[in-house]
Every structure is written in structure tokens, then in C-alpha cells.
Ligand code: SF4
């Protein structure tokens with residue numbers, strides 16, 4: 001793993017220290033709250049100093065190169081810097097359900113998953129716990145940790161934060177949620193999402209390139225972009241998909257998802273109270289084909305939902 005060289009040279013420890021410094025007036029994500037998380041203050045994401053996790057399990061339902069045959073070692077972090085009105089995991093992401101642990105314990109969960117022979121460690125919603133994740137990695141490496149790290153995020157991230165992950169993260173799995181900032185604010189409380197998200201995925205691609213898999217089809221390095229189609233075109237699929245082809249390249253792997261369901265507070269937002277219909281989803285699939293994006297996965301639209 002690239003991170004082993006960073007560990008040996010002392011660079012990883014320097015990054016741990018730099019990342020923790022940011023918690024004094026937290027500017028880890030684009031919200032720039034300025035909360036002193038070292039002293040226990042909390043910002044928009046609700047995260048404190050210690051990592052809080054909702055689960056650490058073997059997951060077999062990710063994209064095939066991520067789950068492989070043995071599963072992905074998924075560690076679900078609590079809290080989130082986005083406030084998506086439709087979030088199905090809102091008790092974890094917005095109400096902060098989970099278990100507060102130490103970085104030593106986080107390292108031991110990573111090692112425990114490695115013993116279960118998973119292909120990777122998949123940090124879900126990790127942005128606000130970047131320093132703690134780097135620290136856990138630094139603690140886990142001398143105990144034999146060697147798995148690829150996956151950064152499975154909303155894609156609402158700052159470049160300087162991502163640069164702390166250069167050589168640490170092997171596989172980026174970001175969302176590209178919107179192509180319109182009005183929708184991003186109304187639905188996810190994420191100002192300036194489009195520019196920030198596009199800059200972030202560009203940096204991710206610079207770091208890891210296109211997806212590479214081993215002889216068994218398991219991901220070893222690269223980028224997979226996830227895009228969830230929303231009703232009434234609110235995700236801006238018809239703009240985001242061509243942008244990916246033009247700016248990240250037609251070889252980019254995309255997971256196009258149809259699974260939108262109006263969970264949590266979605267019914268309060270006009271147009272968001274129903275699943276995606278066939279017309280909307282077919283239009284997104286057509287644009288994907290027209291853009292020449294042949295790598296990735298297109299989730300099927302559930303018949304029952306599609307006719308709703
Ligand atoms: S990580 Fe949390 S506390 Fe820090 S800037 Fe983002 S929302 Fe605010």
C-alpha cells in the first residue's frame with residue numbers, strides 16, 4: 001500500500017498532526033464552521049473529537065469490485081456535513097446515533113475486519129472524521145494493517161483536506177448529487193455544492209486515476225462516481241453525466257442509481273415526495289449512453305416504483 005511508505009517516512013504522522021490542528025477551528029469541510037472540536041464544540045456535522053461509528057461490518061452489497069467475493073469492511077461514521085431531506089440513514093447521519101470510540105478502538109475494528117478477510121476498509125461518510133481516520137491508520141499499520149482504504153463520501157469536500165489523503169486512499173467512491181446549487185441547498189443544505197463537488201472529484205481522479213481491478217475483478221485503486229437520479233430532474237443528471245465524460249473521461253466508472261425513496265423529510269419538498277419514474281430514469285440512462293460512458297453499473301428501476 002502507498003500509505004506504508006508514508007508511514008515509514010514519517011509523513012503520515014505529520015498529516016495526522018496537521019489534520020488534528022484543523023479541529024481547533026474546524027475547517028475540514030466546506031462549511032468552515034470554526035468549531036473548536038478539541039474543546040468539545042460541535043459544528044453542522046455534529047461530530048466531536050472522538051470518532052463515532054454506527055457499525056463496522058462485512059458488507060456484500062456494494063458495487064461488485066468493492067464487495068468482491070469476501071465483502072467490503074464497511075465502517076459507517078455517525079454525523080454528516082450534509083442534511084439531505086431524503087436521507088434513509090437520518091438517525092445516524094442527522095441525529096448522531098452511534099458509538100463514540102477512541103482512535104485505538106477504531107484501529108482495532110479495522111484490524112478485526114482485516115482478519116475477516118475483507119478486500120478493503122470502506123469508510124462511509126468519513127469527511128468530518130478525517131483526522132481520526134488518519135490517526136487510526138497510523139496506529140493500525142504497525143499491527144499489520146495492509147488493506148486498501150475506500151473513501152465513500154458525499155463528494156462535498158475541500159481540496160486541502162483531500163490532499164491529506166493523497167497516497168492514503170486507494171479508492172474514492174464519491175457522490176455527484178447535483179448540478180444546480182439551488183437544489184443542493186434546498187435538498188441537502190450544501191451551499192456551492194456543484195463547484196466544490198466537481199473540484200473534489202477532479203482532485204480524487206488526479207490522485208487515483210480510473211478504476212483498476214486485480215485478476216479476480218476486485219478494486220485495487222481508482223475512482224467510482226455514484227449518481228442517484230432524483231424525481232423532477234432535481235439531481236441534474238442530464239448535466240452531471242456529460243460533465244463526467246468531458247472532464248473525468250469516458251473510461252470513468254459510474255454507478256447510476258434508481259433507488260430514490262422519499263424518506264425522512266422529503267415529502268416537505270415539492271417534487272420529492274415520490275420515487276423516480278420511468279421517463280426520468282430512462283432519460284438519465286440515455287444520456288449515459290450518449291456520453292459514451294460504458295464502465296460501471298446501472299441499477300434497474302423497480303417496476304412498482306416506476307409506475308407510481
Ligand atoms: S467537519 Fe463538521 S465542524 Fe468541521 S467544518 Fe465541516 S461541518 Fe463544520
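The values are calculated or read from the model by the stated rules, or taken from the named source; none is laboratory data. Because the structure is predicted, anything quoted here is derived from the model rather than measured. Cβ atoms come from the backbone with ideal geometry, glycine included; neighbour counts cover every protein chain shown.
Summary of computed values
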item	result
Filter result (out of contact with any strand residue (DSSP E or B) (no Cβ under 8 Å at 6 or more places or on another chain) and either more than 16 Å from the ligand (Cβ to nearest atom) or within 20 Å of residue 115 (Cα to Cα) (or both)) within segment 91-104	91, 102, 103, 104
Flag if residue 139 is surrounded by fewer than 21 Cβ atoms within 10 Å (Cβ to Cβ), in contact with a helix residue (DSSP H, G or I) (Cβ under 7 Å, 6 or more places away or on another chain) and not in a helix (DSSP H, G or I)	no
Residue that is nearest to the ligand (Cβ to nearest atom) [pool: residues in segment 57-86 that are under 16 Å from the mean Cα position of the chain (by Cα) and surrounded by fewer than 20 Cβ atoms within 10 Å (Cβ to Cβ)]	83
Members of segment 235-246 found to be surrounded by 24 or more Cβ atoms within 10 Å (Cβ to Cβ) and outside any helix (DSSP H, G or I), listed by number	235
Test: residue in segment 189-208 that is surrounded by fewer than 22 Cβ atoms within 10 Å (Cβ to Cβ), closer than 20 Å to residue 152 by Cβ and free of Cβ contacts under 8 Å to residues at least 12 places away in the same chain	yes
Selection count, segment 19-52, where residues are in contact (Cβ under 8 Å) with a residue 40 or more places away in the chain, over 18 Å from residue 83 (Cα atoms), outside any loop (DSSP other than H, G, I, E, B) and more than 9 Å from the ligand (Cβ to nearest atom)	2
Matching entry among 245, 235, 255 (being under 16 Å from the mean Cα position of the chain (by Cα) and at pLDDT 95 or above)	255
Output for segment 222-232, where each listed residue is more than 16 Å from residue 255 (Cα to Cα) and in contact with a helix residue (DSSP H, G or I) (Cβ under 7 Å, 6 or more places away or on another chain)	231
Of all residues in segment 262-278 being assigned to a helix (DSSP H, G or I) and in contact with a helix residue (DSSP H, G or I) (Cβ under 9 Å, 6 or more places away or on another chain), the one that is nearest to residue 224 (Cα to Cα)	278
